[in-house]
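Here the structure is laid out as structure tokens; the discussion comes afterwards.
The values are calculated or read from the model by the stated rules, or taken from the named source; none is laboratory data. Because the structure is predicted, anything quoted here is derived from the model rather than measured. Positions of Cβ are backbone-derived with ideal geometry, glycine not excepted, and every protein chain shown enters the neighbour counts.
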Amino acid sequence: MKILFSEEFLQYREQGYPESPERVKTIKEYLQKKGVNEFINVVSGGDENILQVHTEELIRSVKENSFYDTGTPNIPNIYHYAFLSCVSAVNASSFALGGEIAFSLSRPPGHHAGRNTLGGACYFNNMAVAVKEVLKEQRLKIAVLDIDGHHGNGTEEILKNEDGVIYLSLHQYPAFPGTGAFSFNNCYNFPVFPGSSIKNYMEKFEKAMEVIRKFSPDLLGVSLGFAAHRADPLLNLPLGDNHYYQMAKQISGIAKGIFILLEGGYNINTVGNTCYSFLSGLTFPSGIQDNVKKNNQR
């Protein structure tokens, strides 16, 4: 697995805000503790045309720090960090085009950012940017699976009606951002009520996987967040570490290339092992499941 990371992702913060550098730092340190020591550095710069999924108005407002959104901090130089996160996503999709699995360990997240809107700590839509960059080069069938726990309203808005693309989301409803109650066209939503059982959640996950298998994508993008974890402070969903492992095992091999982008997940005490569990399900031998189960029971 290729893991993309930049120390710059740790350089900004909003005091008291849950989307913090500790999220990414904790995951990186946990992966290192488990023997994952190869990280591909994401380099600043690149072609700003990758932001073509957004309006000039939104891009300018982020660049000039002239926006206002109560859930999205206006932080100095946030354009640089948000653009770098998009670059990381595009790099991950490039590795996936080569038949590999790639994980963008980056921030800020992106799935709430629409064409002309930001929100939920998302400035630019990393997933939509990566998908559109792939489609600029070649026409492939791409599935996007969002298992953050919150609905990716921005990704849905940008990718709806896109030829050769399907968007699927499992998320708590009702919850922020208040969208994702129903499916339409190429967008498949699987809302999960607060307090639902793991049986109910996994049944909906199976239905989502059936849609993806039938679609038979060349490429799969996963918006991976951990707000669906039962220990996350923002939602009331039932997943444990072993469930992330099991979902990843089903996702593994479903497309020729897979790229994963970090979205939300705000319990610093659990995100490290949860992320490791998911990545293990994609890449490691089945024997690691015993360790995942033990950690999940602690």
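Here are the numbers for the structure shown:
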item: Every residue from region 184-211 that is surrounded by 15 or more Cβ atoms within 10 Å (Cβ to Cβ) and charged (D, E, K, R); result: Lys204
item: Inter-residue pairs, beta-carbon under 9 Å, first polar (S, T, N, Q) and in region 2-19, second modelled with pLDDT under 95, 6+ apart; result: Ser6/Val43; Ser6/Ser44
item: Filter pass, Asn126 being more than 13 Å from the chain's Cα centre (by Cα) and not acidic (Asp, Glu); result: no
item: Residues located in region 260-298, provided they are of a type outside the set (A, V, I, L, M), in a helix (DSSP H, G or I) and modelled with pLDDT of 95 or more; result: Gly272, Asn273, Thr274, Cys275, Tyr276, Ser277, Phe278, Ser280, Gly281
item: Listing of strands (runs of 3 or more DSSP E) fully contained in region 82-173 that carry 3 or more residues being touching a Lys or Arg at 6+ places or on another chain (Cβ under 9 Å) and in contact (Cβ under 8 Å) with a residue 24 or more places away in the chain; result: 101-104, 165-172
item: Selection count where residues are among the charged types (D, E, K, R), closer than 19 Å to Ala82 by Cβ and in contact (Cβ under 8 Å) with a residue 24 or more places away in the chain, scope region 20-68; result: 4
item: Residues of region 220-242 satisfying the condition of being closer than 26 Å to Phe95 by Cβ and surrounded by fewer than 22 Cβ atoms within 10 Å (Cβ to Cβ); result: none
item: Pair list, Cβ < 7 Å and 6+ apart or interchain, from region 200-222 residues that are more than 22 Å from Cys86 (Cα to Cα) to residues that are part of a loop (DSSP other than H, G, I, E, B) and of a type in the set (Val, Ile, Thr); result: Ile212/Ile254; Arg213/Ile254
item: Matching residues, region 31-52, being surrounded by 14 or more Cβ atoms within 10 Å (Cβ to Cβ), over 24 Å from Val129 (Cβ atoms) and over 21 Å from the mean Cα position of the chain (by Cα); result: Lys34
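Residue by residue, here is whether (1) closer than 27 Å to His229 by Cβ; (2) buried (at least 24 other Cβ atoms within 10 Å of the Cβ); (3) among the small types (Gly, Ala, Ser) holds:
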site: Ser85; (1), (2), (3): yes, yes, yes
site: Ser94; (1), (2), (3): no, no, yes
site: Ala102; (1), (2), (3): yes, yes, yes
site: Leu118; (1), (2), (3): yes, yes, no
